[in-house]
1. Taking the Cβ of ARG371 as the centre, find all other residues whose Cβ is under 15 Å away and add up their charges (Lys, Arg: +1; Asp, Glu: -1).
2. Could you please report the charge total around ALA400, scoring K, R as +1 and D, E as -1 over all other residues with beta-carbon less than 10 angstrom from its beta-carbon?
3. Would you please put 279-286, 4-11, 399-406 in order of how densely packed they are, using the mean number of other Cβ atoms within 10 angstrom per residue and starting with the highest?
4. Going by the alpha-carbon gyration tensor, a ≥ b ≥ c the square roots of its eigenvalues, is the range 183-233 rounded (a/c under 1.5) or, if a/c is not under 1.5, prolate (a/b greater than b/c) versus oblate?
5. Using only Cα atoms, what is the ratio of the radius of gyration of the range 221-357 to 2.2 N^0.38 Å?
6. For the chain, what is the per residue volume of the convex hull drawn over the alpha-carbon atoms, in cubic angstrom?
7. Can you pull the accessible area of TYR66 for me, 1.4 Å probe, Å² to the nearest 10?
8. Once you have a ≥ b ≥ c as the square roots of the Cα gyration tensor eigenvalues for the range 319-427, tell me rounded if a/c is under 1.5, and otherwise prolate or oblate according to whether a/b is larger than b/c.
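The values are calculated or read from the model by the stated rules, or taken from the named source; none is laboratory data. Because the structure is a prediction, the values reported are computed rather than measured. Counting neighbours? That spans all protein chains shown, and the Cβs are built from the backbone with ideal geometry, glycine included. Only protein heavy atoms, including side chains, enter the accessible area calculation; ligands, DNA and RNA are left aside. Shrake-Rupley method; radii C 1.70, N 1.55, O 1.52, S 1.80 Å.
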Amino acid sequence: KCGLAGPVLDVLSRRPGWQQAKDEEEWDFLWCDVSWLRENFDHTYMEEHVRICHFRNHYELSRKNYLVKNLKRFRKQLEREAGKLEAAKCDFFPKTFEMPSEYHLFVEEFRKKPGITWIMKPVGRSQGKGIFLFRKLKDIIDWKKVRKTMVEKQFLERGNCMLFLSQDGVRTDEQKDETQIETYVAQQYIENPYLIGGRKFDLRVYVLVTSYIPLKAWLYRDGFARFSNTRFTLNSIDDHYVHLTNVAVQKTAPDYDPEKGCKWMIQQLRQYLTAKHGAGSVEVLFADMDNIFIKSLQSVQKVIISDKHCFELYGYDILIDRDLKPWLLEVNASPSLVASSQEDYELKCHLLKDTLHIVDMEGRLTGKEKRVGGFDLIWNDGPVSREGNLGAPVNGNFMANTHLGCYNDRKQQLKQLFRTLSAQQTA
């Protein structure tokens, strides 16, 4: 069963032996949006083999305020248990405050560094909606007034129904949501992004988690860099075409060319950086990105409800600065799977096909695979070595099993993998 159109539905409906369940029919596999999850997950009985594309409380990683809270808590835990050096490996997200609840803490920090740029993001929205940059406290005070006025207006428009309590004397969640001011995060803006052709970009990288306890995570070899349409400058902080790289924003630019688009494949970016900075520096950069994926997942490992029926395909948004340091901007539990070009359509179809191979409804895998199509297993209750079989002791220098931005010969690999599996079954 599938609640989405585009590449997801195309891949699911073309998979051999699968057929789409009609409205009331029973299903074995569900690709849904997160709103279905909120309304139905707790009331749905699932048999042993059934799979669904989200963990129950995926928002612990994908909502911007929860992500920051979990990372801060995890960093403190690491400092207590393993020391400051290990805790410093979590220093990959900009200084962030939840608004309005941490407003006074934010003001304290703001006054320490007057003149720097901050970015405000609503925690529950995507595609660049509601985001703005600022350098003056006055902009935040104005924002608070605007949000308060909107809520009061909403209250008056809806009439006295807001004053009633539910039967047990407690306001319902819906009523609470209506009276609350929308939560934002205020985040220190990265003022020195790495530029190519004078333009800012960020990366979209895909990580598949099939289990949290134990943690099992796969990293996809393909991904892309999303470029802004306009040359970078800090002189115009109100220009979204300069500062926001979301395709949803950039495609509305007056001079946007849909044929050229604003994306590079991640392989192209890796080649460019290697030519400019050397293979060693780029290896360190990509290893630092691997650290972001693992540490962020570990930060929510104990709070995510690890259900054997669930898996999650995350879209990580990473920004690289001029010092080749990667920063985590956010994690998406519903990364856009709509294609903006033919190349993009092929990437997303391959990504989805390989996700289904790993979820393995057909029961073809042994569970000892370190690579399936374009996915490489990067964590299996511990780091995975590039050499030897899964679980075998590592001799000599450890090399992590990660190949982000490397050649993706997925077709050949899958052909070889399924041929070997078929031969083993026959034997």
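1. Around ARG371, the charge tally is +4.
2. Summing Lys/Arg as +1 and Asp/Glu as -1 gives -1.
3. 399-406, 4-11, 279-286
4. It is oblate, given that a/c is not under 1.5 and a/b is not larger than b/c.
5. Compared with the compact-globule rule of thumb, the range 221-357 sits at 1.17.
6. 192
7. 80
8. Note, shape of the range 319-427 comes out oblate.
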